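Student: Quick one: the structure is below, and I'll ask about it shortly.
What follows is calculated from the coordinates using simple rules that are stated; it is not laboratory data. What you see is a predicted model, and the numbers here were worked out from it, not measured in a lab. All Cβ positions, glycine included, derive from the backbone under ideal geometry; neighbour counts span all protein chains shown.
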Amino acid sequence: MGFNRYHRHRMTAAAARYDRLDALRGAAIVWMAAFHLAFDLNHFRLLRPLQNFYVDPLWTWQRTAIVTSFLFCAGLSQAAALHQGQRPGRFWKRWLQIFDCAVLVSAGSALMFPNSWISFGVLHGIAVMLVLVRWMAPLRQWLWLAGAIALILPRLVQHTFFDSRWTNWIGLVTKKPVTEDYVPVLPWIGVMCFGLAAGQWLLANRPALLQGALAAPLKPLAALGRWSLSFYMLHQPVLIGAIMAYLHWRQQ
């Protein structure tokens, strides 16, 4: 009887959701989709005036903020998963899904942008960083220091050895590679470390901030946040397909 009660408790914990965290992730996804819609409209020359998404601060700062929100949420999610006693098998199953999607992103980008395809974008970075922060989780409050070092190190150390596609994933590059998306381990793992550290502290000291009830208008964001990977993989084909259909219709 004791075993059954314990087993039910573990299943309940594993099934529990953090609606506020899901809503935060959902908000980041909506922002990302809006950014990509603007990018796609610009790519097909439908945005007037045309924008340079690669250098214009209006867009580069948005990209930085969106990636930051994703990685911080990923760190928070790892804190929640570890707090619930997530087993290694479940972690690696999710990790494999992210890895597979990263491979698909590389393949798709190579078709659309053969000269600037994505060899290490946000999904590639998340896949590597999740393994590292999972290993670093016992550091707890020292994660703040580890994160700060990760953010500072690329400003202090660069070498041409890290400029190739085989090594630029580390992040110690002397120049940014020509690619449509680039999220190297350094400095970005620092953001995920901060998310993990913040999540651990919140769950130990202010759990209601993550586990509390969610206002009804925000519940659709929470629902979207639970399907973040699926949405990420589908939104660009849908947006690009819709724009191409519109262009075809306009030419009739």
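Student: Angle, helix 185-205 long axis vs. longest principal axis of the chain, Cα atoms, 0 to 90°, nearest 10?
Tutor: 30
Student: Shifting gears a bit: Work out the length of the dipole vector of the chain about its Cα centre, built from +1 on the beta-carbon of each Lys and Arg and -1 on the beta-carbon of each Asp and Glu, and round it to the nearest 20 debye.
Tutor: Values: 23 positive and 8 negative charges, 161 e Å.
That gives the chain a dipole magnitude of about 780 debye.
Student: Now, a different point. Tell me whether the range 16-126 comes out rounded, prolate or oblate; compute the Cα gyration tensor, take square roots of the eigenvalues as a ≥ b ≥ c, and use a/c under 1.5 as the rounded threshold.
Tutor: Details: a/c = 2.88, a/b = 1.64, b/c = 1.76.
It is oblate, given that a/c is not under 1.5 and a/b is not larger than b/c.
Student: Can you give the convex hull volume of the alpha carbon atoms of the chain per residue, in Å³?
Tutor: Here the figure is 161 Å³ per residue.
Student: Here's something else I'd like to know. Which chymotrypsin sites (Phe, Trp or Tyr not before Pro) in the range 167-252 pass both tests, a DSSP loop state and at most 16 other beta-carbon atoms within 10 Å? Let's see the in-between values first.
Tutor: Values: sites: TRP169, TYR182, TRP188, PHE194, TRP201, TRP227, PHE231, TYR232, TYR246, TRP249; in loops: TRP169, TRP227.
Listed in order of number, the matching sites are TRP227.
Student: Please list, or write none, the lysines whose alpha carbon is within less than 27 Å of the alpha carbon of LYS93, excluding same-chain residues fewer than 8 places away.
Tutor: Result set, ordered by chain and number: LYS219.
Student: Rounding to the nearest 10 and keeping the result within 0 to 90°, find how far the Cα-based axis of helix 2-15 lies from the longest principal axis of the chain.
Tutor: 20
Student: Got the relative contact order for the chain handy, in percent, Cα pairs under 8 Å and 6 or more residues apart?
Tutor: Values: 296 pairs, mean separation 82.6, N = 252.
Answer for the chain is 33 percent.
Student: If one computes the Cα centroid of the range 158-189 and of the range 210-252, what distance in Å separates the two points?
Tutor: 29
Student: Please compute the length gained on full extension between HIS235 and THR167, using 0.36 nm multiplied by the number of residues separating them and subtracting their Cα-Cα distance.
Tutor: Numbers: separation 68, 0.36 × 68 = 24.48 nm, distance 2.94 nm.
Extra length available between HIS235 and THR167 comes to 21.5 nm.
Student: Still on this model: Classify the range 76-209 from the C-alpha gyration tensor, please: rounded if a/c falls under 1.5, else prolate or oblate depending on whether a/b exceeds b/c.
Tutor: Working: a/c = 2.74, a/b = 1.47, b/c = 1.87.
Verdict is oblate for the range 76-209.
Student: First check a/c for the range 132-252, with a ≥ b ≥ c the square roots of the eigenvalues of its C-alpha gyration tensor; if it is under 1.5, answer rounded, and if not, answer prolate when a/b is larger than b/c or oblate otherwise. Please list the in-between numbers first.
Tutor: On the way: a/c = 3.57, a/b = 1.14, b/c = 3.14.
The shape class here is oblate.
Student: Quote the FRET efficiency, to the nearest 0.05, computed for TRP227 versus LEU145 with a Förster distance R0 of 25 Å and r equal to the Cβ-Cβ distance. List each step's numbers first, then the result.
Tutor: Values: r = 34 Å, r/R0 = 1.38.
Calculated transfer efficiency: 0.15.
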